[in-house]
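The values are calculated or read from the model by the stated rules, or taken from the named source; none is laboratory data. Treat the numbers as computed from the prediction; the structure is a model and nothing was measured. Glycine gets a Cβ as well: all are built from the backbone with ideal geometry, and neighbour counts include every protein chain shown. Protein only, heavy atoms only, side chains kept; ligands, DNA and RNA dropped before computing areas. Shrake-Rupley method; radii C 1.70, N 1.55, O 1.52, S 1.80 Å.
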Amino acid sequence: MFYGVEQSTDLRNPQTVIKKFRSKSQALRWRGEPGKSGRLTYGDPEGARNWHHTFRRVYELVGKVDRKHPVFKDRGTSTYPRCDADNLASYLYLFGEEVKP
């Protein structure tokens, strides 16, 4: 299974989005051109006073996601909270293989 991970560099609000794909070509089309990755997270960074960027990555994971792995128990802190999507992105980073074009 192929997983697309879209995540901001803003640690307080990473806005993580996980998408599943059945084929490599669909996942790579979703990711887009690697050189054009890194769009600004906020439409008006000057007004938001936040110049973070959002990146898309594609991982291939053979088998199922082990939801009992300790990485899924991490809830972060009050300043840097983590949700299930953040933990799944960490799991994919650890156990998946990033797909390069």
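Give me the accessible area per residue for the chain, probe 1.4 Å, as a whole number in Å².
Numbers: 6960 Å² over 101 residues.
Ligands and nucleic acids excluded, the result is 69 Å² per residue.
Hey, can you rank 14-24, 84-94 by average C-beta count inside 10 Å, highest first? Numbers along the way, then the final one.
Numbers: 14-24: 14.5, 84-94: 17.5.
Packing proxy ranking, top to bottom: 84-94, 14-24.
Between MET1 and GLU46, how many nm apart are label points set 7 Å from Cα along the C-beta direction?
4.4
For the stretch 1-61, give the percent of accessible area contributed by carbon and sulfur heavy atoms, probe 1.4 Å, rounded to a whole number.
Numbers: 1880 of 4010 Å².
Looking at the stretch 1-61 in its full context, I get 47 percent from C and S.
How big is the stretch 1-52 along each principal axis, measuring the range of its Cα positions in Å and listing the largest first?
For the stretch 1-52, the Cα spread along each principal axis is 39, 22, 13 Å.
So what is log10(I(q)/I(0)) for the chain at q = 0.10, 0.15, 0.20 1/Å, when the Debye sum runs over its Cα atoms only?
Reported log10 I(q)/I(0), two decimals: -0.30, -0.65, -1.05.
Kirkwood hydrodynamic radius for the stretch 30-83: how many Å is it when counted over pairs of different Cα atoms? The partial results should precede the final answer.
Details: mean 1/r = 0.0685 Å⁻¹.
Kirkwood radius, the stretch 30-83: 14.6 Å.
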